[in-house]
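Before any comments, here is the structure.
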Ligand SMILES: C[S@@+](CC[C@H](N)C(=O)[O-])C[C@H]1O[C@@H](n2cnc3c(N)ncnc32)[C@H](O)[C@@H]1O
């Protein structure tokens, strides 16, 4: 069972990433030249991906990894190159198609279109949700972590949008754009509140490493949850 808000936000994100922003997202996640702001976002995202990958075992042979909300698949490819058995899922089918086309054919990644919480995906050693949960309210983020923790042996690595004055100011500026030009709202969460909610929902879990990446127009905070 998912919550009504989770289902509603997932529907909005599917429309946005599958159609409205698919081209822009394809370009952002490629090597094609991009303008100043997008270049800082790309650099910040690369730093975040490298951080998350550095928290995973170097040799992932025999380990199952879920790339939850895989987008165009860069993290899934990097994990598969380390030997992981990767399931990469995204609700936006057009991004999954780009990921399939980009991935080296030698890598046996199980690409799926659907909900990252689909129980049919089975158990995992590691789950990574890079920037996939930043548009959900804190309580839904915690529900996702709780549901994934029930079938994850190793770690769940997630990122959230930290509630900082700078991010709030940037989001406020974003609201000045016409509605049609806007992406779904990023919902910032206070670090301390998220930790409290996770501890309450998962009293046996440990919160491990964390790291914030702030690169001008990209701000995201990574958290390691050890179920
Ligand atoms: C900001 S993008 C990040 C994509 C990728 N993780 C990356 O860092 O390049 C967020 C992605 O999460 C996906 N997503 C959000 N909620 C999802 C859900 N419930 N199930 C599957 N995918 C989801 C969106 O479709 C989108 O592609």
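Which shape class, rounded, prolate or oblate, goes with region 99-172 when its Cα gyration tensor gives a ≥ b ≥ c as root eigenvalues, a/c under 1.5 marks rounded, and past that a/b bigger than b/c marks prolate?
In terms of gyration-tensor shape, oblate.
Using the count of nearby Cβ atoms within 10 Å as a rough guide to exposure, how do 89, 186 rank from fewest to most? Before the final figure, lay out the partial values.
Details: 89 22, 186 18.
So the ranking, lowest neighbour count to highest, is 186, 89.
Whole Å is fine, so just give me how far the alpha carbon centre of region 1-56 lies from that of region 89-142.
Result: 12 Å between the Cα centres.
Rounded, prolate or oblate: which one fits region 60-109, using the alpha carbon gyration tensor with axes a ≥ b ≥ c (rounded when a/c is under 1.5, else prolate when a/b beats b/c, else oblate)?
Verdict is oblate for region 60-109.
Take region 36-83, drop everything but the C-alpha atoms, weight them equally and run the Debye formula without solvent; then report log10 I(q)/I(0) at 0.13, 0.25, 0.27 Å⁻¹ to two decimals.
-0.33, -0.97, -1.07
Sticking to Cα atoms, compute the Rg of region 14-53 to one decimal and its Dmax as the biggest Cα-Cα distance, whole number, in Å.
Just the Cα atoms of region 14-53 yield Rg and Dmax of 11.2, 29 Å.
On full extension of the chain, what length is gained from residue 107 through residue 59, given 0.36 nm per residue of separation minus the C-alpha to C-alpha distance?
15.8 nm
Note down the nm distance, to one decimal, between modelled labels 7 Å out along Cα→Cβ at residue 211 and at residue 32.
It works out to 2.9 nm between the two label points.
Based on the Cβ-Cβ distance of residue 4 and residue 199, what FRET efficiency does E = 1/(1 + (r/R0)^6) give at R0 = 30 Å, to the nearest 0.05?
0.75
Taking R0 as 22 Å, what's the FRET efficiency between residue 151 and residue 100 from their Cβ-Cβ distance, rounded to 0.05? The partial results should precede the final answer.
Numbers: r = 25 Å, r/R0 = 1.13.
Step by step, r from the Cβ atoms, then E = 0.35.
Please report 28, 158, 121 as a ranked list, fewest other C-beta atoms within 10 angstrom at the top and most at the bottom.
28, 121, 158
Relative contact order for the chain using alpha-carbon pairs under 8 Å, separation at least 6, rounded to a whole percent?
Computed value for the chain: 21 percent relative contact order.
Springs between alpha-carbon pairs under 10 angstrom, Gaussian network model over the chain: which of 166, 75, 116 fluctuates most?
Maximum fluctuation in the GNM of the chain, among the listed residues, is at 166.
Rounded to two decimals, what ratio of Rg to Rh does the chain give with C-alpha atoms and a Kirkwood Rh?
Answer for the chain: 0.93.
So in the chain, what percent of DSSP beta bridges are antiparallel if you round to the nearest 5?
Antiparallel bridges make up about 40 percent of those DSSP assigns within the chain.
Indicate the gyration tensor shape class of region 1-104 (rounded, prolate or oblate), computed on the Cα atoms with a ≥ b ≥ c the square roots of the eigenvalues: a/c under 1.5 is rounded; otherwise a/b larger than b/c is prolate and the rest oblate.
Numbers: a/c = 1.72, a/b = 1.13, b/c = 1.52.
Taking the square roots of the gyration eigenvalues as a ≥ b ≥ c, region 1-104 is oblate.
We did not get these values from a lab; they are worked out from the coordinates using the rules stated. Treat the numbers as computed from the prediction; the structure is a model and nothing was measured. Positions of Cβ are backbone-derived with ideal geometry, glycine not excepted, and every protein chain shown enters the neighbour counts.
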